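Taking it in order: structure first as structure tokens, then the write-up.
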Ligand SMILES: [Zn+2]
């Protein structure tokens, strides 16, 4: 049997697609060991496949980029040329080609920076790339949904410190967004109001969990946080996609992202790991005016070296059991300086 199977398989019990991308097994793994944090990271690494001028495993060479840099993932989970000659599975199973597009976005030419250490104008450039890429991929007929995300840190399996994220354009709508869409439509029908706007109002009325707020953006530990240091960063105006933000809103979003990521790093004076997805409406041309674009940070750590393991309730049951109080965790983050500990004068 060919084990290089590359297709989407329907999960009939969860009613969702599973991407099987077994052809990616040969992708490069820079096997840096855990516990290497604290080592000095150089601004350029000759071994890094994301640094300017370096060659990637595909043999292509990165340009000497000076800002952001986007390229098609050399080992994509979904692609325009994914196999189409799939063997049909027996009933009740379904499969189909993993048709779509996967890209990598380098945030900065500097190997040793993260969002938290980048100046706001550079973060704004990342926001602009999310806008361009979402628009670009949305224009492809096969793409129904664009997921921009960043996996950061060894705790979430990323050993290369070069600041980068990924962009998936897929031929289905991701389950989380599907659930949020249904809830948003139902809330709109029942109350005449937008659900996320009501969430923002509830957070403002309480106030204890808000980390950052200006005219256009807000960042908070949600009342219902599933992870200890979970944070939502959102524009105040309801827009379904990142590209619908006005310039002033995009700038505000960049400031909010800077503030939150700096607090994260200051918490334990270390580069703080997280999974950060952009929650955007689908791009299939339907009406998504009830959907409110936002960015979520899901940090896996509860303490400096203690992971929140997804176990029985989360993996088995599909619901989270949190051992921490969102109000207490928000208080910890609120008490921290909004200047990065490496940028400070050395005084506390
Ligand atoms: Zn690099």
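Residues that are within 24 Å of residue 79 (Cβ to Cβ), modelled with pLDDT of 95 or more and away from the ligand (no atom under 16 Å from the Cβ): does segment 178-198 have at least one?
Yes: segment 178-198 contains one or more residues that are within 24 Å of residue 79 (Cβ to Cβ), modelled with pLDDT of 95 or more and away from the ligand (no atom under 16 Å from the Cβ).
Residue check: is residue 323 closer than 26 Å to residue 168 by Cα, assigned to a loop (DSSP other than H, G, I, E, B) and in contact (Cβ under 8 Å) with a residue 12 or more places away in the chain?
Answer is no for this residue.
Count, please, the residues in segment 57-73 that happen to be surrounded by fewer than 16 Cβ atoms within 10 Å (Cβ to Cβ), more than 13 Å from residue 108 (Cα to Cα) and within 15 Å of the ligand (Cβ to nearest atom).
The total comes to 2.
Looking at (1) without any contact (Cβ under 8 Å) to a residue 60 or more places away in the chain; (2) part of a loop (DSSP other than H, G, I, E, B); (3) away from the ligand (no atom under 16 Å from the Cβ), find the lone condition where residue 143 falls short.
The number of the failed condition is (1).
What's the number of the condition residue 111 fails, among (1) within 12 Å of the ligand (Cβ to nearest atom); (2) under 18 Å from residue 165 (Cβ atoms); (3) surrounded by fewer than 17 Cβ atoms within 10 Å (Cβ to Cβ)?
It is condition (3) that residue 111 fails.
Taking into account only those residues within segment 146-175 that are assigned to a helix (DSSP H, G or I) and in contact with a strand residue (DSSP E or B) (Cβ under 7 Å, 6 or more places away or on another chain), which is farthest from the ligand (Cβ to nearest atom)?
Per the criteria, the residue is 175.
The values are calculated or read from the model by the stated rules, or taken from the named source; none is laboratory data. Fair warning: this is a prediction, and the values are worked out from it, not measured in the lab. Neighbour counts run over all protein chains shown; Cβ positions are idealised from the backbone, glycine included.
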